[in-house]
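To start, the structure itself, in structure tokens.
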Amino acid sequence: MRNRKFLSQARKNIMVAVSGGRSSAMMARIIQTSEKYKNYNKLYVFANTGMERKQTINFLRNIEKYWGIEIKKVEGIYSKKMGIGVSYNIIKSYNDLDMQANTFSQAIMHKNKGIFKGVPNSAAPYCSSMLKTIPCKKLADDIFGVNNYITAIGFRAEDMPKRITWVEIENDENRIFPLLSDFRNDPISNSHLNRWWSKQKFKLELHGNLGNCELCWKKSRNILIDNIRYGTRFVGWWREMEEKYENTSFRNHESIDDLVRDASLPYTIKIDFEENEDYNCVCTF
């Protein structure tokens, strides 16, 4: 703990990973307003995959509008040439963000330029790293100096212990988890989020099952089917990726057409938009 304390005092730079979900947005607000972080240089970053829903983008706009938080919007830059790594591009306007999955397509191309072949899946879950972690880190390195900062992650109570434990939190020298460690006696949970967001001037107009990234392969089969029934832009995109790279991202080796077929069957499931549970992809950095 002594080393962790020293680092937190020495590196007064913090990158705040804003995913576009409620948890990371609440974390961003806490870091902006808490006395604990008042002396930190703060960098708020959103990494666009090209598959975000418009509701997510509107939510980010409102974070800036109502809270005065400037969010750096980045997209990864990828190359077909060997030896050239991932870089980033700062997007000036929300209107200029990729909304057609071109960024995701380029990331898959970049990953497949060597001996590896395939789209991301449970055995090779590289999309978060390629699309979010690396571009954000490259930006923070350029602004603060290489690794001269700590990264704030929006894990909440439901993420313990599967994604993080108290022991890991206490010994992590490069990341902090404000929704957990700043509320040690009562970590922020989904019920806390619901109460907190009910008092805000805006909210994420998107059911958690739909998620920020459309048709995320990490979601359960039933949720993916509900997403297809609700409506998505990317059925054709997934079909193209599967044909091009000769594999699939979805569980049990199912194809997008398998999911579309079952989504067309009679059903009685209804998405309750009054619930607001988060299933957003979380970048672990």
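Every number in this text was worked out from the coordinates using simple rules, so none of it is lab data. Note that the structure is predicted; figures quoted are calculated from it, not measured. All Cβ positions, glycine included, derive from the backbone under ideal geometry; neighbour counts span all protein chains shown.
List of remarks:
- Adding -39500 (n - 2.57) for every DSSP H run of four residues or longer, then dividing by how many residues the chain holds, sets the calculated 222 nm ellipticity at -10500 deg cm²/dmol.
- If a spin label sat at a point 7 angstrom from the Cα of Val146 along the line to its beta carbon, no backbone N atom of the range 16-51 would be nearer than 16 Å.
- If R0 equals 41 Å, the separation of the Cβ atoms of Ser93 and Asp258 corresponds to a calculated FRET efficiency of about 0.60.
- The range 2-201 - percent relative contact order, Cα under 8 Å, separation 6 or more: 24 percent
- Ascending count of other beta-carbon atoms within 10 Å, so fewest first, for His192, His207, His253: His253, His192, His207
- Measuring nothing but how far apart in sequence close Cα pairs (under 8 Å, 6+ apart) lie, relative to its length, the range 131-239 scores a relative contact order of 17 percent.
- Taking 0.36 nm per residue of separation and subtracting the current Cα-Cα distance, fully stretching the chain between Asn39 and Lys65 would add 7.1 nm.
- Here the chain is described by how far its Cα atoms reach on the three principal axes: 54, 49, 38 Å, from widest to narrowest.
- Residues Asn58 and Asn112, FRET efficiency given R0 of 25 Å [Cβ-Cβ distance, rounded to 0.05]: 0.15
- Entries in Lys162/Lys218; Lys80/Lys162; Lys132/Lys203; Lys54/Lys132; Lys92/Lys219; Lys38/Lys73 that, when Cα-Cα distance is taken, lie over 25 Å: Lys80/Lys162; Lys92/Lys219
- From the C-alpha gyration tensor of the range 24-177, square roots of 5λ in Å: 27, 20, 16
- Per residue, the convex hull spanned by the alpha carbons of the range 208-269 comes to 81 Å³.
- Of all DSSP beta bridges confined to the chain, the antiparallel ones make up roughly 35%.
- Packing-based ranking, highest mean first, of 231-241, 23-33 given that Cβ atoms within 10 Å are counted: 23-33, 231-241
- Label-point gap, in nm, between Tyr230 and Ser79 - each point 7 angstrom along Cα→Cβ: 3.8 nm
- Qualifying aspartates and glutamates (Cα of each under 20 Å from Cα of Lys36; at least 8 residues distant if same chain): Glu70, Glu170, Asp172, Glu173, Asp182, Asp186
- The chain: angle of helix 235-245 to the longest principal axis, Cα-based, in degrees nearest 10: 90 degrees
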